[in-house]
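Structure, as C-alpha cells:
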Amino acid sequence: MSERSAQAQAEVQALRVHVTGVVQGVGFRPFVYTLAQRLALTGWVRNTAGAVEIEVEGAPESLQAFVERLSRDAPPLARIDRITSNPSAPSELADFAILESQPDERSFQPISPDVGICPDCLRELFDPADRRFRYPFTNCTNCGPRFTIITGIPYDRPNTTMRTFELCAACEAEYRDPADRRFHAQPVACPECGPRLWLEAGGTESLTGEEALQAARRMLADGAIVAVKGLGGFHLAVDALNATAVERLRQRKLRIDKAFALILPDLEAVERHCLLGEVERSLLGSWARPIVICRRRTESTIAASVAPGQDTLGVMLPYTPLHHLLIEPEAGFPEALVLTSGNLSEEPIDTDNDQARRSLHSLADAFLMHDRPIHVRCDDSVVRAFEGMVYPLRRSRGYAPYPVQLPWAPPSILGAGPELKNTFCLTRESYAFLSPHIGDLENFETLESYQDGVAHMEKLFRVRPEAIAFDLHPDYLATRYAQERAQSEGLPMIGVQHHHAHVAAAMIEHGLPLEARVIGVALDGTGYGTDGTIWGGEILLAGYAEFERLGHLRTVSMPGGEAAVRQPWRMALSWLRAAGLSWEDDLECVQAAGEQGLTAMAAMLDGNSPLAAMQPRTSSMGRLFDAAASLAGLRQQVNYEAQAAIEFEARIDPAESGHYLLDLASDGEIDPAPAFRQLVEDRRAGVSPGVIAARFHRGVSLAVLEACTRARTLHSVTAVVLSGGVWQNVALLEMTVPGLRERGFEVLLHRKVPANDGGVSLGQVAVAAARLVAS
C-alpha cells in the first residue's frame, strides 16, 4: 500500500446512527441513500422495528454534515425524535446500500398517519401522458394511506393490506429504485396491478373504472346519495347545494339537525362560501387535510340545511386521488358535496364492503367501491383556528397515531377513555399513542370497534399495559372494560376523575414537569364527581397526581336525568326555581313543558319529596348554557350533543358589550341566579336573543376571570388550563383568554388533542403515571 493511500484510509471514519420517531413509510431510507451519495459516503441503511439504523463511513467532515442534515433536510412527513451516533470500525464498503428490514419482536416505533395526496402525484393524476392518469389510488412515499392499511411492523408491504396486490413490472422497478420517489412506497400501485374502482346500484356491480366514476358524478348531480369508500371508511355524498337532497340524506341517516361536513375542490371554491384567514387556509391545505370549521359567508349558496342554526361550515379539501376525481370542477356539477360518515347515527363508520352493503343499503342510492381493504377505521379530523394556531375538535385521520411526547417515561399504561367522543391512549417509554376518534361508547357495535382498536394498537406498538386508568363513572362501557380486563390480568386499576383528566391532558401537551400545579377551569356537560354528583363547572387546583376542588358552579337539580340533556326547558325550569323566579306562561320553557310537565317538574324539584331526592344534581356549565338558550327562546329540545349551546353562540350580537352577573361566593361557588334574573327581565322587555347571548357569554367569562384571580390569591399559581367541551365555544374563548392574560395569567390551551372528551384518555394516563411514580 502506498503512503498516500494509507493516509487516505486513515482519514476514513465510520458511524453507527440510530434515528427514532416517525421515520418509516415517509421516504426516509431513500432520503438517507441520496444524502450519502451526495456526500460520497458508503455504508447502508435499514428499517428495524424500533428505528432506522444507519452504518456510514467516509471523510470526517462529510460524516458531520451527514448527521446534521439528517434532521435539517428530512422528508416532510418525517418526525424525528432522536438521533444518536457512535463511532464504529470502518468496513471498507464500496458503495451505499438499502438493506432489507430487520424484524425485532421487542422494539417498536411510531407510525405515520394517512397523508393527503402530494403535488407530484396530483400532477400525474391529471396528466394524460402519465401511466397513472386518472387512477384513483395513486400514491408515493410522500403521500397516501399509512395507518389505515398497516397490520404490523416493520412497515413493509407484507405487513399491509396491499400484500395481496402483486406489483407489475413497472411498479416493481419503481419500488426497487432508490432514486425513485416510489422506492419502498408500500401502497404503490397502478391501473395494471393495483386496487380497482367500481359502482354498485341495486346490489349489482354495473360499471368499473372511469365509467363508474362518471356515473357516480352524474347521480350526485341529479340529487342522488352515493356511498363512497375512502381511506378510513365509507362516506355518504350528496349535492350540498340541493336542499331537497340534503333533507333526504337527513331523513335516511336519522340525523335531524347536526351539521354535515363538506368537501370542495379547491381553496378558491371554499372562499366563495366561507371567510378564511391565513390559518384556515394553511389547515385546509395541510398534509392532514382535516375538516376546518370556517365562518359562513352570508351569500353562500350551500343549503342552509347543511348546518341548521349555525353560522359556520365544516369544510375540507380533497385528500385522496379518488376525492379529487369525484369533486373535479365541471359545468353542471355541484361545487360542494356533503361528505359525512357512512353509518347510521351513533354507529361506527363502515369500512368493510360487505358490511357497508348491509348497513348502508337503505341510506345510499349507489356505492362507489374499491377493493383495497381498510384495516383501521379512521374518521375525518375536525379542527378550527384560534389565535393563529390549530385548535383541535376531533383528532383522527391525518393526526392519529402521531404520539404526544411525555415529559417523563412512565410504565406502559392504557387509558380507557370516557363514554362520549371516546379515544383510548397507550403509553410506551416517553410516547403517548392516542387512538383515532371512536365515538360515543353507547352500543355493542362501537364497543366492539373500541376493543378491536385497543388490541391492534397494543400489537402495533408492542405495548403490554402494566396498569389501566379509567373514568370514575361506574356505568361507562370503557370503565367496565378497563375494570374487567384489569381484574382478569391482575393489573393495577387507577380511577381518574373526569375533569382532573381534562386538565392533566393539557398539562402533558405543554410538557409541564411532574411537580407542576395549575389552575384548571374544566367546563363541560357531564363528568362523574367524587361526591357522586354530576360535575361540569369546575375550578381546580391540579397537579398530575392529585387535585383540589377550589370552586364550582352552583349545584342544582337535573330533573329527569338524561331527559334534561335532551330537553333544555327542564334545566331552564330548574334554574328558575333555584333563582327564586316563578314559572310564568310568557316564557318558552314553561310553554314547552305543558301542564303535565310542569306538574311533574314541581314534584321533581320539591325538596321535601322522595321524587326530588331521586333526581341527580349537577354543577354542569353545559347544562347552564342549555338553560340560558331555552330561556332566550332559542331551543327547547335538542337532537345532538350541545345543540342548544352551539346555536346560542351562533346568535351572539358582536356589537353588544354588556354582561350579566354571576356571583362568586367566598367558598368559591359560582352562582348564576342573578344572571338568570337579568336574562328573564331582558326577555320580557323584548331584548333580542343575540344581545342576551352576548351578555350571558360575557358574564360567564367574567366569572371565570374572578374565580381564577381568587385561586391565584389563595395558592400563588399563575398558569391556567382551559379544558372541557364548553371551551369549544370560540366566542367564550375570545372573551376569556385576553382577560386572563391582561391579569397576568399564563393561559394553556389545547393544541394537540381536543379540549372535549377526545383528550380525556391522555389525561388519564398522565394522572395514572404520576400516581405510579409517587407510589
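The values are calculated or read from the model by the stated rules, or taken from the named source; none is laboratory data. Everything quoted here is computed from the prediction, not taken from an experiment. Note that we place each Cβ from the backbone using ideal geometry, even for glycine, and neighbour counts take in every protein chain shown. Each accessible area value is taken on the protein alone, full model and side chains, heavy atoms only, with ligands, DNA and RNA left out. Shrake-Rupley method; radii C 1.70, N 1.55, O 1.52, S 1.80 Å.
Among the residues of segment 342-363, the ones that are part of a loop (DSSP other than H, G, I, E, B) and open to solvent by less than 10 Å² (accessible area, probe 1.4 Å) come to 3 in all. Entry remark, segment 276-286: residues being farther than 13 Å from Asp380 by Cβ, free of Cβ contacts under 8 Å to residues at least 40 places away in the same chain and touching a strand residue (DSSP E or B) at 6+ places or on another chain (Cβ under 7 Å) number 1 in total. Cβ-Cβ distances below 8 Å connect the following pairs, each with a first residue in segment 418-444 that is among the charged types (D, E, K, R), a second residue that is part of a strand (DSSP E or B) and at pLDDT 95 or above, and a separation of six or more residues or different chains: Glu419/Asp471; Lys421/Arg394; Asp440/Asn422. Taken over segment 430-461, residues that are surrounded by fewer than 20 Cβ atoms within 10 Å (Cβ to Cβ) and either more than 23 Å from Pro290 (Cβ to Cβ) or among the aliphatic types (A, V, I, L, M) (or both) amount to 12. Across segment 634-681, the number of residues qualifying as crowded, with 16+ Cβ neighbours inside 10 Å, part of a loop (DSSP other than H, G, I, E, B), at pLDDT 95 or above and touching a Leu at 6+ places or on another chain (Cβ under 8 Å) comes to 5. Among the residues of segment 103-135, just one is modelled with pLDDT under 95, surrounded by 19 or more Cβ atoms within 10 Å (Cβ to Cβ) and out of contact with any strand residue (DSSP E or B) (no Cβ under 8 Å at 6 or more places or on another chain), namely Pro113.
Listed by first and then second residue, the pairs with beta-carbon distance under 6 Å, at least 6 apart or on different chains, first residue in segment 244-259 and in contact (Cβ under 8 Å) with a residue 60 or more places away in the chain and more than 14 Å from Ile225 (Cβ to Cβ), second in a loop (DSSP other than H, G, I, E, B) and open to solvent by 40 Å² or more (accessible area, probe 1.4 Å), are Ile256/Asn639; Asp257/Asn639.
When His370 is tested against (1) over 13 Å from Gly232 (Cα atoms); (2) surrounded by fewer than 22 Cβ atoms within 10 Å (Cβ to Cβ); (3) in contact (Cβ under 8 Å) with a residue 60 or more places away in the chain; (4) not charged (D, E, K, R), only condition (1) is not met. Can you tell me which residue is least open to solvent (accessible area, probe 1.4 Å) among those in segment 500-547 that are part of a loop (DSSP other than H, G, I, E, B) and under 28 Å from Met558 (Cβ atoms)? If we take residues in segment 500-547 being part of a loop (DSSP other than H, G, I, E, B) and under 28 Å from Met558 (Cβ atoms), then Gly529 is least open to solvent (accessible area, probe 1.4 Å).
Selection of segment 228-254 for residues being under 21 Å from the mean Cα position of the chain (by Cα) and under 22 Å from Asp365 (Cβ atoms) yields Lys229, Gly230, Gly233, Phe234, His235, Leu236. Of all residues in segment 548-564, which are under 18 Å from Met614 (Cβ atoms) and open to solvent by 40 Å² or more (accessible area, probe 1.4 Å)? Once the filter is applied, which keeps residues that are under 18 Å from Met614 (Cβ atoms) and open to solvent by 40 Å² or more (accessible area, probe 1.4 Å), segment 548-564 yields only Glu562. Restricting the first member to segment 287-316 and to residues that are of a type in the set (A, V, I, L, M, F, W, C) and open to solvent by 30 Å² or more (accessible area, probe 1.4 Å), and the second to residues that are assigned to a strand (DSSP E or B) and modelled with pLDDT of 95 or more, the beta-carbon pairs closer than 6 Å and six or more apart or on different chains are Ile293/Thr312; Ile293/Gly314; Ile293/Arg384.
With respect to Pro158, determine if the residue is part of a loop (DSSP other than H, G, I, E, B) and either surrounded by fewer than 20 Cβ atoms within 10 Å (Cβ to Cβ) or not small (Gly, Ala, Ser) (or both). It is false that Pro158 is part of a loop (DSSP other than H, G, I, E, B) and either surrounded by fewer than 20 Cβ atoms within 10 Å (Cβ to Cβ) or not small (Gly, Ala, Ser) (or both).
Of all residues in segment 79-129, those satisfying the criterion of being among the small types (Gly, Ala, Ser) and over 27 Å from Cys190 (Cα atoms) are Ser85, Ser88, Ala89, Ser91, Ala94, Ser107. Confirm whether Ala769 is modelled with pLDDT of 95 or more, buried (at least 19 other Cβ atoms within 10 Å of the Cβ), more than 20 Å from Phe648 (Cα to Cα) and of a type in the set (A, V, I, L, M). When the stated conditions are applied, Ala769 passes them. May I ask you to verify whether Val747 is of a type outside the set (Phe, Trp, Tyr), in contact (Cβ under 8 Å) with a residue 24 or more places away in the chain, surrounded by 24 or more Cβ atoms within 10 Å (Cβ to Cβ) and not in a helix (DSSP H, G or I)? No, not satisfied.
Go through segment 299-331 residue by residue and tally those that are over 25 Å from Ala385 (Cβ atoms) and part of a helix (DSSP H, G or I). Count: 5. Of the residues making up segment 571-597, those that are open to solvent by 40 Å² or more (accessible area, probe 1.4 Å) and either outside any loop (DSSP other than H, G, I, E, B) or closer than 13 Å to Val638 by Cβ (or both) are Arg577, Glu588, Gln591, Ala592, Glu595, Gln596.
Regarding segment 702-711, can at least one residue be identified that is open to solvent by 50 Å² or more (accessible area, probe 1.4 Å) and within 28 Å of Leu406 (Cα to Cα)? Before you say what the answer is, go through the steps one by one.
First, the residues of segment 702-711 that are open to solvent by 50 Å² or more (accessible area, probe 1.4 Å): 702, 706, 710.
Right, trim to within 28 Å of Leu406 (Cα to Cα) and you get none.
Checked against the condition, which is being open to solvent by 50 Å² or more (accessible area, probe 1.4 Å) and within 28 Å of Leu406 (Cα to Cα), segment 702-711 yields no hits at all.
Scanning segment 61-113 for residues that are touching a Ser or Thr at 6+ places or on another chain (Cβ under 7 Å) and acidic (Asp, Glu), we see that the one that is farthest from Arg462 (Cα to Cα) is Asp95.
Do we find a residue being without any contact (Cβ under 8 Å) to a residue 24 or more places away in the chain and surrounded by fewer than 18 Cβ atoms within 10 Å (Cβ to Cβ) anywhere in segment 136-153? No, that holds for no residue.
Right, Arg623: open to solvent by 40 Å² or more (accessible area, probe 1.4 Å) and at negative phi or not? The answer is no for Arg623.
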